[in-house]
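Notes for the one structure printed next.
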Amino acid sequence: MQGKIVKVSGPLIVAENMADSRMYDVVRVSDKKLIGEIIELRGDKASIQVYEETSGLGPGEAVESTGAPLSVELAPGLIGGIFDGIQRPLTGIYAEYGDRITRGISVDNLDREKKWDFVPAATVGEEVCAGDILGSVQETAVVSHKIMVPYGLKGKVKSISSGAFTITETIAVLETDAGEKEVAMLQRWPVRKGRPYKEKKSPSMPMITGQRVIDTLFPIAKGGVAAVPGPFGSGKTVVQHQLAKWADADIIVYIGCGERGNEMTDVLNEFPALKDPKTGEPLMKRTVLIANTSDMPVAAREASIYTGITIAEYFRDMGMNVAIMADSTSRWAEALREMSGRLEEMPGEEGYPAYLSGRLAEFYERAGVVKVLGGDDREGSVTAIGAVSPAGGDLSEPVAQATLRIVKVFWGLSSSLAYRRHFPAIDWLISYSLYADKLADWYVKNASADFIRLRAFAMQILQEEAELDEIVRLVGADALSYKDRLTLETAKSIREDYLHQNAFHETDTYTSIEKQCGMLRLIYDFHRLAIDAINRGADFNALLTLPVREKIGRAKYIEEKNLSELATIAKEIKEQVKSLDGGEDNV
């Protein structure tokens with residue numbers, strides 16, 4: 001199908017003679033072969049979103065439809081890959097075209113020459129259907145890439161081979177109702193369509209991140225959705241980097257959607273050097289990066305979100321737990337706003353399109369825990385975490401509000417905490433997790449029987465501190481009772497010793513659930529024993545200067561292999577508090 005350009009408006013091109021085209025078909029624009037996607041059809045005119053720079057194009061130039069929707073290639077070679085918003089490999093572009101992405105380039109998304117060792121799992125004569133595992137490829141030291149029967153195929157295995165194959169070579173032949181079908185490792189899937197599954201389940205397990213403020217106070221479930229909104233400089237990107245590094249997920253898909261190039265450079269420099277705490281291998285061996293930075297074409301930002309979530313669903317279908325980081329959905333929404341304006345659609349609030357909430361929901365609802373297709377009972381999950389960058393930290397703006405209506409976890413970043421150098425700057429007074437109650441049973445069984453009590457204690461103390469702050473500002477801390485002053489001291493200990501976490505410290509960067517319980521129990525024990533001592537007439541200032549308080553503060557630096565030291569500190573707390581007033585040890 002060949003049309004002609006009649007209008008050029010930035011990344012939007014209108015072409016006529018396109019009556020036989022379909023929505024979301026990919027087109028090639030002009031003799032430069034720029035990649036575009038049809039986003040509106042009116043009569044024989046098509047509005048096309050072009051993913052490359054359109055300067056120099058004019059009316060009369062040709063537009064050719066490929067007849068296929070924008071799709072990603074799914075096969076071995078994804079892990080450790082660095083792609084742009086439409087899955088073009090940046091390493092491949094660099095090798096062929098140098099360090100500048102020129103217009104109209106054509107590079108295979110995945111390497112067609114590399115051979116992978118395929119180990120069959122299915123046998124000749126076996127009946128298979130979509131989603132069944134034909135075999136596997138050891139893609140990296142930590143990822144066994146399952147090769148599945150493509151969607152829509154069902155039949156008997158006529159032949160299956162083992163050995164080294166490229167992703168386009170035939171590894172199996174299926175006898176189907178429509179005749180024999182050859183199956184290769186390479187699959188394609190349209191990015192705007194969610195991959196199918198048998199059943200969606202309710203999330204019931206937390207995704208352990210090693211970040212104390214998240215795991216203890218505002219946990220996210222595997223298969224859950226979370227938003228990280230906050231103003232510039234409050235640490236959104238560092239929080240997402242920490243989650244990508246330490247989250248309890250098999251695969252990480254990190255989308256740099258319209259962020260600054262130096263932030264993606266940090267990821268590219270850090271991840272190959274960082275060791276995965278579970279496997280000891282570099283983190284890049286279970287990571288897929290989509291680098292779509294702010295100096296790349298605006299329209300490609302919109303595609304990058306869908307590209308990332310489709311890749312995440314593919315690994316989910318293998319029975320893996322996948323975490324996808326979108327940094328940031330605000331830049332993606334700005335791309336929607338620009339295209340909506342150029343299409344001359346009726347604007348919604350602040351110029352964003354009226355369908356903003358619907359598009360955000362389409363993205364987040366593709367997360368979840370599912371029973372995947374196939375004969376076995378595999379389960380996989382996609383956990384979606386989106387950063388939101390509202391101008392000036394204003395959470396009343398449309399993108400933040402639309403996101404809050406969808407997500408179940410809200411990690412609100414505070415500029416005042418960031419200015420005080422308290423990181424992660426997640427404000428415990430405005431953040432929440434709707435998964436906390438649902439995950440309580442898991443924490444009691446797998447972490448500690450008193451975990452829920454410890455969490456409630458921490459939240460209560462922080463809430464009381466916020467209320468007492470008003471009084472302290474008016475009359476000073478000395479006017480408070482000893483019990484209230486102890487509450488302020490305990491809150492300070494929770495904030496500075498527990499919630500404050502150094503992302504760049506070798507030991508403090510990650511804290512296991514066992515250690516989190518132990519650290520919080522030390523603060524709880526000291527607070528409870530100190531109240532008893534005050535009631536028995538102990539000297540308040542002597543309580544605050546006990547040597548063991550410094551050990552409570554430094555407990556975050558105890559290595560995971562030495563957690564028995566926490567029990568020693570707990571014993572010292574009892575002995576030292578008891579020595580002040582000679583009271584009974586009523587623990």
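The values are calculated or read from the model by the stated rules, or taken from the named source; none is laboratory data. Just so it is clear, the model here is predicted, and its values are computed rather than measured. Here the Cβ is made from the backbone with ideal geometry for all residues, glycine too, and neighbour counts use every protein chain on show. When the accessible area is computed, the model is the full protein with side chains, heavy atoms only, and any ligands, DNA or RNA have been set aside. Shrake-Rupley method; radii C 1.70, N 1.55, O 1.52, S 1.80 Å.
Here is a check on your reading of the model: is Arg28 open to solvent by 60 Å² or more (accessible area, probe 1.4 Å) and part of a strand (DSSP E or B)? First the steps, then the outcome.
On the way: open to solvent by 60 Å² or more (accessible area, probe 1.4 Å): yes; part of a strand (DSSP E or B): yes.
The answer is yes for Arg28.
For the stretch 143-161, enumerate the residues that are closer than 13 Å to Pro76 by Cα and assigned to a loop (DSSP other than H, G, I, E, B).
We begin by selecting, within the stretch 143-161, every residue closer than 13 Å to Pro76 by Cα; these are 143-148.
Selection gives Val143 alone.
Would you check if Thr490 is touching a Phe, Trp or Tyr at 6+ places or on another chain (Cβ under 9 Å), surrounded by 18 or more Cβ atoms within 10 Å (Cβ to Cβ) and at pLDDT 90 or above? Spell out how you get there, then give the answer.
Numbers: touching a Phe, Trp or Tyr at 6+ places or on another chain (Cβ under 9 Å): yes; surrounded by 18 or more Cβ atoms within 10 Å (Cβ to Cβ): yes; at pLDDT 90 or above: yes.
Yes, satisfied.
Among the residues in the stretch 170-190, are any of a type in the set (Gly, Ala, Ser), buried (at least 18 other Cβ atoms within 10 Å of the Cβ) and either in contact (Cβ under 8 Å) with a residue 12 or more places away in the chain or closer than 30 Å to Gln516 by Cβ (or both)? Break it down into steps so the answer makes sense when it comes.
Applying the first criterion (of a type in the set (Gly, Ala, Ser)) to the stretch 170-190 yields 172, 178-179, 184.
Then drop every residue that is not buried (at least 18 other Cβ atoms within 10 Å of the Cβ), which leaves 172.
Okay, now just the ones that are also either in contact (Cβ under 8 Å) with a residue 12 or more places away in the chain or closer than 30 Å to Gln516 by Cβ (or both), so 172.
The answer is yes, given that some residue of the stretch 170-190 is of a type in the set (Gly, Ala, Ser), buried (at least 18 other Cβ atoms within 10 Å of the Cβ) and either in contact (Cβ under 8 Å) with a residue 12 or more places away in the chain or closer than 30 Å to Gln516 by Cβ (or both).
Only one of Gly380, Gly375 is under 30 Å from Gly319 (Cα atoms) and at pLDDT 95 or above. Can you tell me which?
Working: Gly375 fails: at pLDDT 95 or above.
Exactly one of Gly380, Gly375 is under 30 Å from Gly319 (Cα atoms) and at pLDDT 95 or above, namely Gly380.
Scan (1) within 23 Å of Thr237 (Cβ to Cβ); (2) part of a strand (DSSP E or B) for the single condition Val369 breaks and write down its number.
All conditions are met except number (1).
Examine the stretch 557-564 for a residue that is of a type in the set (Asp, Glu) and within 23 Å of Ile208 (Cβ to Cβ), and state whether such a residue exists.
First pass over the stretch 557-564, keeping only residues of a type in the set (Asp, Glu): 559-560.
Next cut, within 23 Å of Ile208 (Cβ to Cβ) only: 559-560.
Yes, because at least one residue in the stretch 557-564 is of a type in the set (Asp, Glu) and within 23 Å of Ile208 (Cβ to Cβ).
Could you identify the single residue in Tyr510, Tyr524 that is in a loop (DSSP other than H, G, I, E, B), closer than 26 Å to Pro219 by Cβ and touching a helix residue (DSSP H, G or I) at 6+ places or on another chain (Cβ under 7 Å)? Please lay out each step first, then the result.
Details: Tyr524 fails: in a loop (DSSP other than H, G, I, E, B).
The conditions single out Tyr510.
In this structure, does Ala95 turn out to be open to solvent by 30 Å² or more (accessible area, probe 1.4 Å) and modelled with pLDDT of 95 or more?
Values: open to solvent by 30 Å² or more (accessible area, probe 1.4 Å): yes; modelled with pLDDT of 95 or more: no.
So Ala95 fails the test.
Collect the residues in the stretch 382-409 that are open to solvent by less than 10 Å² (accessible area, probe 1.4 Å) and not in a loop (DSSP other than H, G, I, E, B), keeping them in residue-number order.
We begin by selecting, within the stretch 382-409, every residue open to solvent by less than 10 Å² (accessible area, probe 1.4 Å); these are 382-388, 390, 399-400, 402-403, 407, 409.
Val382, Thr383, Ala384, Ile385, Gly386, Ala387, Val388, Val399, Ala400, Ala402, Thr403, Val409 - these are the residues of the stretch 382-409 that are open to solvent by less than 10 Å² (accessible area, probe 1.4 Å) and not in a loop (DSSP other than H, G, I, E, B).
May I ask you to list the residues in the stretch 55-92 that are open to solvent by less than 40 Å² (accessible area, probe 1.4 Å) and β-branched (Val, Ile, Thr)?
Val63, Val72, Ile79, Ile82, Ile86 - these are the residues of the stretch 55-92 that are open to solvent by less than 40 Å² (accessible area, probe 1.4 Å) and β-branched (Val, Ile, Thr).
Which ones in the stretch 1-43 are of a type in the set (Gly, Ala, Ser) and either farther than 22 Å from Lys193 by Cβ or touching a His at 6+ places or on another chain (Cβ under 6 Å) (or both)? Give the steps one after another, and end with the answer.
First, the residues of the stretch 1-43 that are of a type in the set (Gly, Ala, Ser): 3, 9-10, 15, 19, 21, 30, 36, 43.
Correct list: Gly3, Ser9, Gly10, Ala15, Ala19, Ser30, Gly43.
Is there any pair with a first residue in the stretch 33-47 that is over 18 Å from Glu345 (Cα atoms) and of a type in the set (S, T, N, Q) and a second that is part of a strand (DSSP E or B) and open to solvent by 30 Å² or more (accessible area, probe 1.4 Å) whose Cβ atoms are under 7 Å apart and which are 6 or more apart or on different chains, and what are they?
Final answer for the pair search is none.
For the stretch 354-381, name all the residues that are crowded, with 16+ Cβ neighbours inside 10 Å, touching an Asp or Glu at 6+ places or on another chain (Cβ under 6 Å) and farther than 19 Å from Asn321 by Cβ.
Matches in the stretch 354-381: none.
Take the residues in the stretch 300-337 that are in contact with an Asp or Glu (Cβ under 8 Å, 6 or more places away or on another chain) and aliphatic (A, V, I, L, M), then tell me which one is farthest from Gly36 (Cα to Cα).
Met320
Scan the stretch 527-575 for residues that are crowded, with 17+ Cβ neighbours inside 10 Å and assigned to a loop (DSSP other than H, G, I, E, B) and jot them down.
Ala538, Leu546, Ile558
Would you check which residues across the stretch 7-46 are more than 21 Å from Arg337 (Cβ to Cβ) and β-branched (Val, Ile, Thr) and list them?
Correct list: Val26, Val27, Val29, Ile35.
Using the structure shown, decide if Arg100 is under 31 Å from the mean Cα position of the chain (by Cα), open to solvent by 60 Å² or more (accessible area, probe 1.4 Å) and closer than 30 Å to Thr293 by Cα.
Details: under 31 Å from the mean Cα position of the chain (by Cα): yes; open to solvent by 60 Å² or more (accessible area, probe 1.4 Å): yes; closer than 30 Å to Thr293 by Cα: yes.
Yes: the conditions hold for Arg100.
From (1) free of Cβ contacts under 8 Å to residues at least 40 places away in the same chain; (2) buried (at least 17 other Cβ atoms within 10 Å of the Cβ); (3) touching a Lys or Arg at 6+ places or on another chain (Cβ under 9 Å), pick out the condition that doesn't hold for Glu52.
With (1) free of Cβ contacts under 8 Å to residues at least 40 places away in the same chain; (2) buried (at least 17 other Cβ atoms within 10 Å of the Cβ); (3) touching a Lys or Arg at 6+ places or on another chain (Cβ under 9 Å) applied to Glu52, the lone miss is (1).
Just to be sure I understand, how many residues within the stretch 254-291 are hydrophobic (A, V, I, L, M, F, W, C), free of Cβ contacts under 8 Å to residues at least 60 places away in the same chain and closer than 17 Å to Leu90 by Cβ? Reasoning before the result, please.
Going through the stretch 254-291, the residues hydrophobic (A, V, I, L, M, F, W, C) turn out to be 255, 257, 264, 267-268, 271, 273-274, 283-284, 288-291.
Going one step further and asking which of them are free of Cβ contacts under 8 Å to residues at least 60 places away in the same chain, we end up with 264, 267, 271, 273-274, 283.
Adding the requirement that they be closer than 17 Å to Leu90 by Cβ leaves 264, 267, 271.
Here the count works out to 3.
For the stretch 195-222, give me the residue count where each residue is within 15 Å of Ala384 (Cβ to Cβ), out of contact with any Lys or Arg (no Cβ under 7 Å at 6 or more places or on another chain) and open to solvent by 10 Å² or more (accessible area, probe 1.4 Å).
Looking only at that region, the number is 3.
Can you name the residue in the stretch 319-335 that is open to solvent by less than 10 Å² (accessible area, probe 1.4 Å) and not small (Gly, Ala, Ser) and is also nearest to Lys201 (Cα to Cα) among such residues? Can you show your working first?
As a first pass, look at the stretch 319-335 and keep what is open to solvent by less than 10 Å² (accessible area, probe 1.4 Å): 322-330, 332-333, 335.
Restricting the remaining residues to those that are not small (Gly, Ala, Ser) gives 322, 324-325, 327, 329, 332.
Numbers: Val322: 15, Ile324: 19, Met325: 21, Asp327: 27, Thr329: 26, Trp332: 28 Å.
Looking at the filtered set, the residue picked out is Val322.
Can you tell me which residue within the stretch 119-166, out of those that are under 23 Å from Gln87 (Cβ atoms) and touching a Phe, Trp or Tyr at 6+ places or on another chain (Cβ under 6 Å), is least open to solvent (accessible area, probe 1.4 Å)?
The extreme case among them is Val137.
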